[in-house]
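Chemist: Dumping the structure here so I can ask a few things about it.
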Ligand SMILES: [Zn+2]
């Protein structure tokens, strides 16, 4: 009799343990399809999968580059140019691999083509004065939980380096990159000095790969009202369409946004995200996207967004603190706010003539990367502040082999 009772109790306890420790089966991911269009994305539920940890240790041992061009498409260019483009990515991979300890391979999908043919609007920016030279972004972002219990979106290339036993399923490509073949690119194989309008491709590729590996904010002008002067800056609203309705799942930050602070009072921008999230509970349904924006315009939170518009277009108002005593001022001088430029770069005036010039907004034409490094007295393309920012996102270096890392969001 007593044996039976004991077995039953054991069963109940075992059952509770199994129930309490049951991990989430799916995680939230989002996939991007176009390196140059942040709207070309899709939310996906990615299953949690187990990884064979022995594979990670094997990877540690080999000397192969951990950044690889897995897909390469080169159109509207000579064979020699295509070869040079490919070589540039290999060179960039070498620079990044020498600076950071990459434990898992980062796969790139590179497309080099004439944007004026494939995407004419990108060749006609500001009334034809400018063309888009290229860009890169993470192919898949994953929602992970930080030490402040806020879930943020991490690029897959970074998540791979955390060596989780279980992780959201990885897509075959980590970073998608597109570069415009119409640009007058400079490659080191060119035997003549760089011309005044040429751009060193290695400089631009390294800059873009840093974006793809996590140097990006999710603060932006996502909610567009009828009045073009009424710009609203928020973190990115997570919206899905379901049965012809708009489901709002909260405003979401990127991993990069965790350490942002206001220079005026040293408070965190995450506090503002929290205020914005008072607008509606995750899962709230609206009749349409327009209905959501109208309701937001009628909410208290619209004033928070308008205040952010002023701050993010006033110079030197926001910094990131990748380490306790390391402050890096971000780009907030661009007016009006420009998605993909504002806040997602370091302040040009402060850092252009320093070893941390790489992540200023506009790459300097007419100078090679090597010349620029020599001019500012740098030791390499990745300056100390940039290195510190990437470490704070979770990339290991010789000096900081165990950076903090997020955990799975349940
Ligand atoms: Zn950039």
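The values are calculated or read from the model by the stated rules, or taken from the named source; none is laboratory data. Keep in mind that this is a model prediction, so the values were computed, not measured. Every residue, glycine as well, gets a Cβ built from its backbone with ideal geometry; the counts of neighbours run over all protein chains shown.
Chemist: Scan region 153-160 and tell me whether some residue there is part of a loop (DSSP other than H, G, I, E, B) and away from the ligand (no atom under 16 Å from the Cβ).
Modeler: So far as region 153-160 goes, no, none of its residues is part of a loop (DSSP other than H, G, I, E, B) and away from the ligand (no atom under 16 Å from the Cβ).
Chemist: Could you please give the count of residues in region 99-129 that are touching a residue at least 60 places away in the same chain (Cβ under 8 Å) and outside any loop (DSSP other than H, G, I, E, B)?
Modeler: Of the residues in that region, 13 qualify.
Chemist: Next question, about the same structure. Sort through 132, 125 and tell me the only one that's modelled with pLDDT under 85 and within 16 Å of the ligand (Cβ to nearest atom).
Modeler: Values: 132 fails: modelled with pLDDT under 85.
Sole residue among the options that is modelled with pLDDT under 85 and within 16 Å of the ligand (Cβ to nearest atom): 125.
Chemist: What number goes with the only condition from (1) surrounded by fewer than 20 Cβ atoms within 10 Å (Cβ to Cβ); (2) over 26 Å from residue 327 (Cβ atoms) that residue 261 does not pass?
Modeler: The single condition residue 261 does not satisfy is (2).
Chemist: For residue 344, work out the one condition from (1) farther than 24 Å from residue 380 by Cα; (2) in contact with a helix residue (DSSP H, G or I) (Cβ under 9 Å, 6 or more places away or on another chain); (3) crowded, with 20+ Cβ neighbours inside 10 Å it doesn't fulfil.
Modeler: That leaves (1) as the condition not met.
Chemist: Same structure again: Restricting to region 338-358, give me the number of residues that are more than 21 Å from residue 196 (Cα to Cα) and within 15 Å of the ligand (Cβ to nearest atom).
Modeler: 12
Chemist: Do you know which residues across region 196-220 are touching a strand residue (DSSP E or B) at 6+ places or on another chain (Cβ under 8 Å), in a loop (DSSP other than H, G, I, E, B) and within 18 Å of residue 153 (Cβ to Cβ)?
Modeler: Across region 196-220, the qualifying residues are 213, 214, 216, 217, 218.
Chemist: Filter region 359-369 for residues that are farther than 18 Å from residue 318 by Cα and within 11 Å of the ligand (Cβ to nearest atom) and give the result. Even if it seems obvious, please write down each step before you answer.
Modeler: Residues of region 359-369 farther than 18 Å from residue 318 by Cα: 362-369.
Once the filter is applied, which keeps residues that are farther than 18 Å from residue 318 by Cα and within 11 Å of the ligand (Cβ to nearest atom), region 359-369 yields 362, 363.
Chemist: Next up: Say whether the condition of being within 16 Å of the ligand (Cβ to nearest atom) and assigned to a loop (DSSP other than H, G, I, E, B) is met by at least one residue in region 231-243.
Modeler: Among the residues of region 231-243, not one is within 16 Å of the ligand (Cβ to nearest atom) and assigned to a loop (DSSP other than H, G, I, E, B), which makes the answer no.
Chemist: In this structure, is residue 189 part of a helix (DSSP H, G or I), surrounded by fewer than 24 Cβ atoms within 10 Å (Cβ to Cβ) and more than 16 Å from the ligand (Cβ to nearest atom)?
Modeler: Judged against the criteria, residue 189 is not a match.
Chemist: Considering only region 314-340, state which residues are without any contact (Cβ under 8 Å) to a residue 40 or more places away in the chain and over 21 Å from residue 258 (Cβ atoms).
Modeler: Those that are without any contact (Cβ under 8 Å) to a residue 40 or more places away in the chain and over 21 Å from residue 258 (Cβ atoms): 314, 315, 333, 334, 335, 338.
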